[in-house]
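Heads up: the structure comes next, in structure tokens.
The values are calculated or read from the model by the stated rules, or taken from the named source; none is laboratory data. The structure presented is a predicted model; accordingly, all values stated were derived computationally and were not measured. Here the Cβ is made from the backbone with ideal geometry for all residues, glycine too, and neighbour counts use every protein chain on show. Please note that ligands, DNA and RNA were not included when accessible areas were found on the heavy atoms of the full protein model with its side chains. Shrake-Rupley method; radii C 1.70, N 1.55, O 1.52, S 1.80 Å.
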Amino acid sequence: MSVVRPPTRNRRAEILQAAAVLFAERGFHKVSIEDIGAAVGVSGPALYRHFSGKEALLAEMLLDISERLRAQGERLAANANPEAALDALLDGHIDFALRHPELIRVHERELDNVPEPSRRAIRRLQRLYVEEWVTVLAELYPGCPSARLRAATHAVFGLLNSTPRTLGELAPEAMKELLHGMAKAAFASLGDAKP
């Protein structure tokens with residue numbers, strides 16, 4: 001007779017999620033290791049089995065989301081149809097923003113608290129993610145300079161990443177539709193703009 005064991009929980013993922021919520025609510029400097037431990041049901045010092053400290057935890061959190069977005073962007077931008085690729089990129093980013101507003105808020109406010117080597121890695125991943133969008137936009141707007149496409153991408157990210165400030169005002173599907181339409185309209189203006 002075999003023994004059925006309950007599935008093991010991914011403690012690191014639990015810690016990262018709890019820390020993201022706490023950092024988003026209170027700010028990095030107002031959250032202690034003990035607060036994070038209490039949120040996942042362990043003592044604060046027990047967290048040191050998983051992370052060397054609060055800065056390391058923050059760095060891993062932001063590196064992880066940056067890598068996930070970059071990998072997702074690379075996969076979605078590979079669509080042979082640039083219009084479909086742009087729609088997929090928008091949907092992917094919007095889904096992330098609606099599901100993880102706490103991570104967006106933490107990234108906006110706390111990146112400067114990440115140790116420099118990790119901060120450089122995060123910035124590099126973010127640049128690669130942006131370039132996936134720029135490559136797709138260059139196919140849609142071939143006469144538009146790369147600098148303009150890059151600036152438009154950052155501006156649209158600002159729109160899409162506004163979700164922590166509007167969460168709950170619209171149902172998720174309505175918000176997704178609104179953000180997608182607004183972002184598409186913003187990008188469509190690239191076809192009218194002079195270099």
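Considering only protein heavy atoms, what per residue accessible area in square angstrom results for region 55-189 with a 1.4 angstrom probe?
That works out to 48 Å² for each residue.
Just grab the label-to-label distance for LEU178 and SER162, each label 7 Å out from Cα along the Cβ direction, in nm (one decimal).
0.9 nm
How far apart, in nanometres, would the label points at GLU55 and ARG119 be if each is projected 7 angstrom from Cα along the Cα-to-Cβ direction?
According to this spin-label approximation, the distance is 1.0 nm.
Considering all projection directions equally, how large on average is the shadow of the alpha-carbon convex hull of the chain, in square nanometres?
14.7 nm²
Determine the share of the chain's accessible area contributed by carbon and sulfur atoms, expressed in whole percent, with a 1.4 angstrom probe.
Summing carbon and sulfur atoms, their accessible area is 55 percent of the total for the chain.
By how many nm would the segment from ARG68 to ALA186 grow when fully extended, if each residue of separation counts as 0.36 nm and the alpha-carbon distance is taken off?
The ARG68-ALA186 span can extend by a further 40.0 nm.
Lys and Arg at +1, Asp and Glu at -1: add these up for the other residues within a Cβ distance under 15 Å of ALA84 and post the number.
Net charge around ALA84: -3.
Counting C-alpha atoms alone, how compact is region 123-184: give Rg to one decimal and Dmax as a whole number, in angstrom.
So, for region 123-184, Rg and Dmax equal 13.4, 39 Å respectively.
Just subtract the alpha-carbon distance of ASP112 and ASP35 from 0.36 nm times their residue separation and send over the number in nm, one decimal.
Contour length minus the Cα-Cα distance gives 25.6 nm.
Local charge sum around LYS176 (other residues, Cβ-Cβ under 9 Å, Lys/Arg +1, Asp/Glu -1)?
-4
If you average over every viewing direction, what projected area does the convex hull of the Cα atoms of region 78-179 give, in nm²?
7.1 nm²
At 7 Å along Cα-to-Cβ for each site, give me the label-to-label distance between ARG26 and LEU128 in nm.
3.4 nm
If you place +1 on the Cβ of every Lys and Arg, -1 on the Cβ of every Asp and Glu, and leave all else neutral, what size is the dipole of the chain about its Cα centre, to the nearest 20 Debye?
Result for the chain is approximately 500 debye, rounded to the nearest 20.
222 nm [θ] for the chain, helices only, -39500 (n - 2.57) per DSSP H run of 4+, per residue, to 500?
My calculation for the chain gives -23000 deg cm²/dmol from helical runs alone.
If Lys and Arg each add +1 and Asp and Glu each add -1, what is the summed charge of the other residues whose beta carbon sits under 15 Å from the beta carbon of ARG109?
Every neighbour counted, the sum reads 0.
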